[in-house]
Amino acid sequence: MLPVALPDTVRDALLAPLVDHHCHGVRRDDLTRSQFEPLINAGGVPAPPGTTHFDSPFGMGLRRWCAPLLDLEPHAPPAVYLARRAELGAGEVNRRLLAGAGVVAFLVDTGDEDIDLLSAAEMGRHGGAAADEIVRIEQIEQDVAATAHIAVDYLDGLAEELSARAARAVGLKTVIGGRCGLDFEPARPSTGSVIAGANRRLSDPKPPLTDPVLLRHLLWSAIDVARERGLPVQFQAGFGGRGPGLHRTDPARLSELMDALQPLGVPVILLHCYPYHRAAAYLAGVYPHVYVDVGLALPHTAAASARVMDELLELAPFHKQLFSSDCHGVAETGYLGALYYRQALGTALLARLEAGEWSAADAARVAHMIGSGNARRVYRL
């Protein structure tokens, strides 16, 4: 799995238990092929007729690396893999793959309110790890909008729920980039515009919130809570799901907001970021409160993941990088996220060792920082 030429100290550091600082629950029920395949695609959509999502970098990696954990030969055909998965049952598959990831703590985004997904506590039990909650602020807004009757109730409810949920969490998360892009006006919206937006929202509260004014109000309210409680705020950027257009999720578009947040001291963590991970690395290098990962990109680039990791290491300070798998839907995503992270970082470190740029002690120290140490510090674990 790791390059054979790595020194033992570096190998041990890479294989040490990880803190997965951003993941989701996985399905607890047995899945048909038509249910399984969209869950291994970043867009969450079925493959075109006559094709399969197994014919992708992620699908090839799944058959190579997950099959042996289910007692199959590497590269087992998709039909054989899925038949074995069904034979073992979802519970056993989840236990094998989540435990096999070698994670010591899962920080779980609980924004997907689906009873078929494992809770944060269940993720921990299946993976033999600790588990804590990351609160998705847009889900809080959805819950409040469904019960509020007038604007003042809506605004008071947002403030109260954000504070209450943050008290039980280790961080907050926003998907504002997927709702209106990251090129939003960074300033706090005016009171009048927020009240007007709240009235519009309550006239039709069912769809996900896309109003830029209310999204900005929600974000700034969350930032106030994060500052009060010493919590980081995660921003989803770049690759991952569908939104207003990939070009509008470039984290470089957050530069003005990062300027505004720097005096507040609220840690900001840029998630995934691919293909804009170099811009994210730049932001992490110039702003003391900005951190970065390339989580979702690594299992989806699979055999090419070392190149992505190498590009992140070009500029981002090593104390600013974190590991996440973005595990979601099926446990294979968590296992491959950890596996390709270790492979990619191991390959990148070996290149620096062979060039004489780094010592083995430096490489081991960086591996420990990115794998768990930085997350423990930022999230105060």
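Search segment 345-381 for residues being aliphatic (A, V, I, L, M) and within 17 Å of the chain's Cα centre (by Cα), and hand back the single one that is farthest from Pro3 (Cα to Cα).
Checked segment 345-381; the qualifying residue farthest from Pro3 (Cα to Cα) is Val378.
With Ala237, Ala252 as the choices, which residue is within 16 Å of the chain's Cα centre (by Cα) and on the phi < 0 side of the Ramachandran plot?
Every option except Ala237 fails the conditions.
Inspect all residues belonging to segment 24-40 and state whether any of them is under 20 Å from Ala306 (Cβ atoms) and part of a loop (DSSP other than H, G, I, E, B).
No, segment 24-40 has no match at all.
Could you check, for segment 80-92, whether at least one of its residues is assigned to a loop (DSSP other than H, G, I, E, B) and either at pLDDT below 95 or not polar (S, T, N, Q) (or both)? Outline the logic, then answer.
Here is the first cut: in segment 80-92, the residues assigned to a loop (DSSP other than H, G, I, E, B) are 89.
The next check asks that each one be either at pLDDT below 95 or not polar (S, T, N, Q) (or both); those that pass are 89.
There is at least one residue in segment 80-92 that is assigned to a loop (DSSP other than H, G, I, E, B) and either at pLDDT below 95 or not polar (S, T, N, Q) (or both).
I'd like to know if segment 242-262 contains one or more residues that are without any contact (Cβ under 8 Å) to a residue 40 or more places away in the chain, part of a helix (DSSP H, G or I) and in contact with a Pro (Cβ under 6 Å, 6 or more places away or on another chain).
There is no residue in segment 242-262 that is without any contact (Cβ under 8 Å) to a residue 40 or more places away in the chain, part of a helix (DSSP H, G or I) and in contact with a Pro (Cβ under 6 Å, 6 or more places away or on another chain).
Taking only segment 131-149 into account, find how many residues are within 24 Å of Arg95 (Cβ to Cβ) and either touching a helix residue (DSSP H, G or I) at 6+ places or on another chain (Cβ under 6 Å) or at pLDDT below 95 (or both). Show your work before the answer.
Keep residues of segment 131-149 that are within 24 Å of Arg95 (Cβ to Cβ), which gives 131-134.
Those left that are additionally either touching a helix residue (DSSP H, G or I) at 6+ places or on another chain (Cβ under 6 Å) or at pLDDT below 95 (or both): 131, 133.
Residues meeting the conditions: 2.
Tally time: how many residues in segment 318-340 are among the hydroxyl-bearing types (Ser, Thr, Tyr) and part of a helix (DSSP H, G or I)?
Residues in segment 318-340 being among the hydroxyl-bearing types (Ser, Thr, Tyr) and part of a helix (DSSP H, G or I): 3 in total.
Quick one: in segment 341-365, which of the residues that are free of Cβ contacts under 8 Å to residues at least 60 places away in the same chain and part of a helix (DSSP H, G or I) is nearest to Phe106 (Cα to Cα)?
Out of the qualifying residues, it is Ala344.
Spot the failing condition for His126; the list is (1) surrounded by fewer than 20 Cβ atoms within 10 Å (Cβ to Cβ); (2) more than 26 Å from Arg179 (Cβ to Cβ), and only one is missed.
It is condition (1) that His126 fails.
From the list Thr191, Thr174, Thr249, Thr210, which residue is out of contact with any helix residue (DSSP H, G or I) (no Cβ under 6 Å at 6 or more places or on another chain), in the same structural domain as Val268 (by TED's automatic domain parsing) and not charged (D, E, K, R)? Full working, then the answer.
Details: Thr174 fails: out of contact with any helix residue (DSSP H, G or I) (no Cβ under 6 Å at 6 or more places or on another chain); Thr249 fails: out of contact with any helix residue (DSSP H, G or I) (no Cβ under 6 Å at 6 or more places or on another chain); Thr210 fails: out of contact with any helix residue (DSSP H, G or I) (no Cβ under 6 Å at 6 or more places or on another chain).
Residue meeting the stated conditions: Thr191.
Can you confirm whether Arg33 is of a type in the set (Lys, Arg) and surrounded by fewer than 18 Cβ atoms within 10 Å (Cβ to Cβ)?
Against the criterion (of a type in the set (Lys, Arg) and surrounded by fewer than 18 Cβ atoms within 10 Å (Cβ to Cβ)), Arg33 qualifies.
Test each condition in (1) in contact with an Asp or Glu (Cβ under 8 Å, 6 or more places away or on another chain); (2) within 29 Å of Asp114 (Cα to Cα); (3) of a type in the set (S, T, N, Q) for Ser372 and report the one that comes out false.
Every condition holds for Ser372 apart from (1).
The values are calculated or read from the model by the stated rules, or taken from the named source; none is laboratory data. Predicted model only: the values in this text are computed from it and were never measured. Neighbour counts run over all protein chains shown; Cβ positions are idealised from the backbone, glycine included.
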